[in-house]
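This report concerns only the one structure given below.
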Amino acid sequence: MTILLFIILFTAIGGILSVLAASVFLLLPERHRQSVLPHGISFAIGALLTGAFCGLIPHAFEEVAVEDMSMLSATILAGILLFFVLEKLLIWRHCHTETCEAHGEESHADHSHDHDHGHSHRTEPGHRPAGVFIILGDSIHNFVDGVLIAAAFLTDVQLGIVTSLAVAAHEIPQEVGDFAILLHSGYTRSKALLYNILASLSTVVGGVLAYFSLGDLHHVLPYFLTLAASSFIYIAVADLIPSLHRKTDIKTSLQQIGFILAGVVLILTMQGIAHRFEGKIDGNSEHQVGI
């Protein structure tokens, strides 16, 4: 199987499955949703951090000379700061009242986590333009995810599979929030599902375009990998982890730790499986940039 087919397959599967999982989640009774969602967020934290520190960053450093490693480290720092600034700009752009801070806190409790691509903007029922904004923001976010997945596959098939899993892990709780916003914006369940699926397909578009554009830019791939790691770290540390601190009782804390570790174990396990799988692929030499 060629790298391009891998990219198309995993970008499509990850995006569509996350949308369908979010849709099924919203069909659950309210009390079940409130109890299940925090577990999904905890799981995503473990998957994202493991994907960043045990997958993306090590592979990025393997691709550069020793003298360039400090530049890669600086890229990770710059990426985290960049995502912080982008989120701030979006908050300033869409919060014009004194109630913005309280509004944002409510959205975390009711709609999963807010993402750095505009999902901190919440709306009242029937406000259809807000739904359009969510669809556009989600499409851009998914397009970037596709680029990052393609960069990972162009570096190493194993890394691409692991990166795809980490992306899907954080996409599910995000899609839950997006789906709920569309419903509150006046969309029917069927239309909200359709638009979310269409937005998820931008992951495939980003992956395919990145395959053809990054294939001749092998020297920049490590920097794309570190930017992906920055994204994973920022989402987990700045966005998801704070939402787990709303409950501090022993039982909840142990559950959070357990699901975080489950995310870690899954990614590490899939790394081992992907590594063995990659070794069995015929024509392994074709899995290099420029095919």
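The values are calculated or read from the model by the stated rules, or taken from the named source; none is laboratory data. Owing to the predicted nature of the structure, the values given are computational and were not obtained by experimental measurement. Because the Cβ atoms are built from the backbone with ideal geometry, glycine has one as well, and the counts that use them run over all protein chains shown.
Here is how the numbers come out for the structure above:
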{"read-out": "When residues of the range 138-172 are limited to those that are surrounded by 24 or more Cβ atoms within 10 Å (Cβ to Cβ) and among the hydroxyl-bearing types (Ser, Thr, Tyr), the one farthest from the chain's Cα centre (by Cα)", "value": "155"}
{"read-out": "Answer residue from the range 9-32, given it is in contact (Cβ under 8 Å) with a residue 40 or more places away in the chain and of a type outside the set (A, V, I, L, M) and is surrounded by the fewest Cβ atoms within 10 Å (Cβ to Cβ) among those", "value": "23"}
{"read-out": "So residue 243, is it touching a Gly at 6+ places or on another chain (Cβ under 9 Å), assigned to a helix (DSSP H, G or I), on the phi < 0 side of the Ramachandran plot and in contact (Cβ under 8 Å) with a residue 40 or more places away in the chain", "value": "no"}
{"read-out": "When residues of the range 224-265 are limited to those that are hydroxyl-bearing (Ser, Thr, Tyr) and within 19 Å of the chain's Cα centre (by Cα), the one modelled with the lowest pLDDT", "value": "231"}
{"read-out": "Single residue of 209, 221 found to be in contact with a Ser or Thr (Cβ under 8 Å, 6 or more places away or on another chain), of a type outside the set (Asp, Glu) and either surrounded by 13 or more Cβ atoms within 10 Å (Cβ to Cβ) or at pLDDT 90 or above (or both)", "value": "221"}
{"read-out": "Residues of the range 44-94 satisfying the condition of being among the hydrophobic types (A, V, I, L, M, F, W, C), in contact with a Gly (Cβ under 9 Å, 6 or more places away or on another chain) and buried (at least 20 other Cβ atoms within 10 Å of the Cβ)", "value": "44, 45, 47, 48, 49"}
